[in-house]
Amino acid sequence: MKKYLAVILLLACALCAQAQVKVASLHPLLSEMARVVGGESVEVVDLFPENVELHEFSPQPAAVAAASGASFVMACGKGVEPYLDGLRATCRVVELGADVPDVQLPDGRGCDPHWWNSPANMQRAAATLMLELQKVDPAHAAAYRGRYRIYAATMDKLDREARLTFSRIPAESRVLVTEHAAMCHFCAQYGFKAIPVYGIAKEAQGDPASMAGMLAQLRGSKVRCIFREWTESPRPLEGLAAQIGAEIRPLVLDGICPDLKGYAAIFRANVQNITEGLAPQAKQ
């Protein structure tokens, strides 16, 4: 009998040791971050479905049910998810972008919510995530701290790579024209002037008067390249680009791209396309 009790106790201890903290995620980049910082101690449930636009997504009952039992739901915050108040009725929500400093939109009418386009901001968000995991699972606090440092080192490396690459772009050419207002955090970190053609969401379209003003601004800035959302057709920008003799290149603006897996791949692809579009040697 004692032998069986000993076996049962060993199995119980093993199950306890393997128990994971469950967290849910409203963005693929947050899911990746949680898997790195959380490691084997964390189970990550992705609530964001494939092939859905960021600004069109709202969690359905099935997604809310999938988050059941999660210690918390990770959100981007800063207004990216307008449905969060409703979600808070059933889940504890942690906005990982809450401690990221705001960056104003070029027109001064609010702030750019796309904070993930800066590795420094991703590092800040990862620190917030680490603290939240330590709160709900203090037994693994040291492990979370160690994994956070690994994640932070990756972000530092991406930042150094970008600064070295962007040294090829002279100051007068650091004008980043994007389809919608999603790169203000990026521009603030790397010394670019942000000019969004449309509003925050790609669905926003400009009226004829504002588009005429945009055309004049782009001509005055001698813009040579306009950057569209990676997953979208360049057609909406073709007329504008043709009028100023600019080319069109893709960027991942919302942090979601089926062709590129993970933050490092997305960020490096953006850095490469920006440099090839704006650096003088890319035109030779």
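For this structure, a couple of remarks:
- Measuring nothing but protein heavy atoms, the accessible surface of the chain at 1.4 Å probe radius is 55 percent carbon and sulfur.
- Base-10 log of normalised Debye intensity for region 48-184 (one unit scatterer per alpha-carbon) at q = 0.17 Å⁻¹: -1.14
- Spatial offset of region 106-124 relative to region 26-48 amounts to 21 Å, using the alpha carbon center of each.
- Two numbers describe the Cα atoms of the chain: Rg and Dmax, which are 21.9, 87 Å.
- Applying 1/(1 + (r/R0)^6) with R0 = 22 Å to the Cβ-Cβ distance of Leu260 and Lys22 gives a FRET efficiency near 0.20.
- Folded to 0 to 90 degrees: helix 263-278 orientation relative to the chain principal axis, Cα: 10 degrees
- Rounded to the nearest 20 debye, the dipole magnitude of the chain is 940 debye, with +1 charges on Lys and Arg beta carbons, -1 on Asp and Glu beta carbons, and the Cα centre as origin.
- Within the listed set Val136, Val177, Val44, the Gaussian network model of the chain (springs between alpha-carbon atoms below 10 Å) gives the highest mean-square fluctuation for Val136.
- Helix-only CD estimate at 222 nm, as mean residue ellipticity for the chain, using -39500 (n - 2.57) per DSSP H run (n ≥ 4): -14000 deg cm²/dmol
- Computed over region 119-163, relative contact order equals 55 percent, with contacts defined as Cα pairs under 8 Å that lie 6+ residues apart.
- DSSP bridge orientation in the chain - percent antiparallel, rounded to nearest 5: 5 percent
- For Lys22, the aspartates and glutamates whose Cα falls under 15 Å of its own Cα, not counting residues fewer than eight places away in the same chain, are Glu32, Glu40, Glu43, Asp46, Glu132, Asp137.
- In Hz, Karplus ³J(HN,Hα) per residue of region 220-229 (6.51, -1.76, 1.60; θ = phi - 60°; x = Gly, Pro): x, 8, 6, 5, 10, 8, 10, 10, 9, 5
- Taking every C-alpha pair closer than 8 Å and separated by at least 6 residues, the mean separation divided by the residue count of the chain gives a relative contact order of 15 percent.
The values are calculated or read from the model by the stated rules, or taken from the named source; none is laboratory data. Model, not experiment: these values are computed from the prediction. So basically every Cβ, Gly included, is an ideal-geometry build from the backbone, and we count neighbours across all protein chains shown. When the accessible area is computed, the model is the full protein with side chains, heavy atoms only, and any ligands, DNA or RNA have been set aside. Shrake-Rupley method; radii C 1.70, N 1.55, O 1.52, S 1.80 Å.
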